[in-house]
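Below is one structure, written out as structure tokens; the observations come after it.
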């Protein structure tokens, strides 16, 4: 069965600093017309940084859409043309104040494929050295460490709700248990 849909026309509703919003005219695989609402986002990165004592570096920060403080791994938005790994290194230094000797690619994560084109690159990092945070002027967050096994339990008990963090924590745990990181 043919599954692909065809974009007939992209109709921008809003162009912002971080996202663009479209309501496209599209065509279903059977030829019928439809509308598709899309949020364009440049993409992001999430880094699961593991200390020598098997603790992950986390940040707590207020996330406005949820009106709550969210526990998540260091992460950030890609700048235009920026390499995802370089973004991950930058965000780990800015948010957690550390640099890693080694990085491993944990793959890509689609946070909301029904309407958003954002792709988040996931990385694991180890061999950490700390030099102090370099937060942006509009960035307010607290750093904390949580043992990897405890973080897995927190994902399973829904104490960690952030999707990219859940995926990175569980992938890292499986790779570590299999001797691949």
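Each reported figure results from applying straightforward, stated rules to the coordinates on display, with no laboratory input. The structure presented is a predicted model; accordingly, all values stated were derived computationally and were not measured. Note that each Cβ is placed from the backbone with ideal geometry, even for glycine, and that neighbours are counted across all protein chains shown.
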Given 49-56, 153-160, the highest-first ranking by average Cβ count within 10 Å works out to 49-56, 153-160
Nearest 10, in degrees from 0 to 90: the angle of helix 163-177 to the longest Cα principal axis of the chain is 50 degrees
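Give me the one-decimal Kirkwood hydrodynamic radius in Å for the chain, with the sum taken over alpha-carbon pairs.
On the way: mean 1/r = 0.0562 Å⁻¹.
With all distinct Cα pairs of the chain included, I get 17.8 Å.
Calculate for the chain the 222 nm mean residue ellipticity that helices alone would give, adding -39,500 (n - 2.57) per DSSP H run of length 4 or more and normalising by residue count, nearest 500 deg cm²/dmol.
Values: 3 runs with 32 residues, N = 181.
Taken over the chain, the calculation gives -5500 deg cm²/dmol.
Output the antiparallel fraction of DSSP beta bridges having both residues in region 44-177, as a percent to the nearest 5. All intermediate terms of the calculation are to be shown ahead of the outcome.
Numbers: 25 of 31 bridges.
If I count the DSSP bridges inside region 44-177, around 80 percent turn out antiparallel.
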Quick calc: nm separation of the 7 Å Cα→Cβ label points for residue 4 and residue 101 -> 4.7 nm
